[in-house]
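Only the coordinates and a few stated rules stand behind these numbers; no lab work does. Note that the coordinates shown come from a computational prediction; the quantities given were computed from them, not determined experimentally. With ideal geometry, Cβ positions are generated from the backbone for all residues, glycine too; neighbour counts draw on all protein chains shown.
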Amino acid sequence: MKVLVLTDSDLDGSGSALAIKWLYAEKDANITVVELIGQDYSGIIRGLAKSFDRYDRIFITDSYVPEDVIALVDIPKMVIVDHHQDHINVADQYKHAKTVLKLYPSCCKLIVDVFKLELTDERKQLVKLINDYDSYQLEFKETLMLNCIFNTYNRPKVNKFIDAFYDGMREFTTFEKNAIRIYFRKVKETLDGLDVYKGQIGEHSVISFFVDHALNEVTHTLLKQTGADIAIAVAQSYGGVSFRRSKTCTAKLNVLAAALCDGGGHEYAAGGKITPKFLEFTKKLELC
């Protein structure tokens, strides 16, 4: 049996693909994992669709599907698994593909629960950390370290993560511990050199900044340091905009991302692109 997994290139996307591998572990399946990188999902899916007939089962996990390629993926052998509200909202666009679209803290945990995977304690712990990061609750000290390790990989990041953590969570190697120290040293350097702008969106205080390294870690730290309700990070390298909120804030960031950046996501974490409307909004912000 040949299985293709298309997944988002982040920690949750990696965990989702890994969970699919666990699902097929005893079925003698040949599994190919391809990470979806950047913003041109349509182009990537069009290229991959030419080889769909080679596979018995195809999964798309933790990723939206652009409207212009729905017809290519809406086929009986396709299984689409996602936990983002904006994808759930358009579930009726699929007529032939099987879908598991449900609001959940992470796609990895959704796959584990829906397919009722029996996991070792080490694998349960890994899923717990991935779920903790993607929901950005950050309840465990190892959570940010695990994401740090993912970020230190060169492409293909997802496949390297799967190889490193196939058996589940384990003690970090000496090399990984050194990488973690270097990574967070760079986080500190990034924070020290950052220009932060502030403003208001309704009753919510907002901070915004440009960052290309450790976006989530930098955002998390600045929210705590400034006491702001919402952080808006702009990634200059690819023109993306990321929205995060403090633990006490109740603003619906998916709605905000849709309004300002033609984006979407969760209520607590969302993203989009730089748009004229977003640029107009930034004119109201002042340097802290």
For the stretch 120-237, what size does the Cα cloud have along each of its three principal axes, sorted from largest down, in whole Å? 47, 26, 22
With equal scatterers on the alpha carbons only and no solvent term, can you work out the Debye log10 of I(q)/I(0) for the stretch 132-201 at 0.16, 0.29 1/Å? -0.69, -1.36
Let a ≥ b ≥ c be the square roots of the eigenvalues of the Cα gyration tensor of the stretch 236-288; is it rounded (a/c under 1.5), or, if not, prolate (a/b larger than b/c) or oblate? oblate
As an exercise, use a Förster radius of 22 Å and the Cβ-Cβ distance of Lys188 and Gln137 to find the FRET efficiency, rounded to the nearest 0.05. 0.45
Run the numbers for Lys27 and Ala71: contour at 0.36 nm per residue of separation, minus the present Cα-Cα distance, in nm. 12.9 nm
Quickly rank 73-80, 90-97, 18-25, 235-242 as a protection proxy: mean count of other C-beta atoms within 10 Å, highest first. 18-25, 73-80, 235-242, 90-97
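Using helices alone, I'd like the mean residue ellipticity at 222 nm for the chain: each DSSP H run of four-plus residues gives -39500 (n - 2.57), total over residue count, nearest 500. Kindly include the intermediate steps, with their values, before the conclusion.
Numbers: 12 runs with 119 residues, N = 288.
Mean residue ellipticity, 222 nm, calculated: -12000 deg cm²/dmol.
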What whole-number volume per residue, in cubic angstrom, does the convex hull of the C-alpha atoms of the stretch 1-154 give? 116 Å³
For the stretch 192-280, what is the convex hull volume of its Cα atoms per residue in Å³? 90 Å³
Would you mind estimating how fast the chain diffuses translationally, via Stokes-Einstein at 20 °C and 1.002 mPa s with the Kirkwood radius over Cα pairs, in µm²/s? 108 µm²/s
For the chain: relative contact order, % (alpha-carbon pairs under 8 angstrom, 6 or more apart): 13 percent
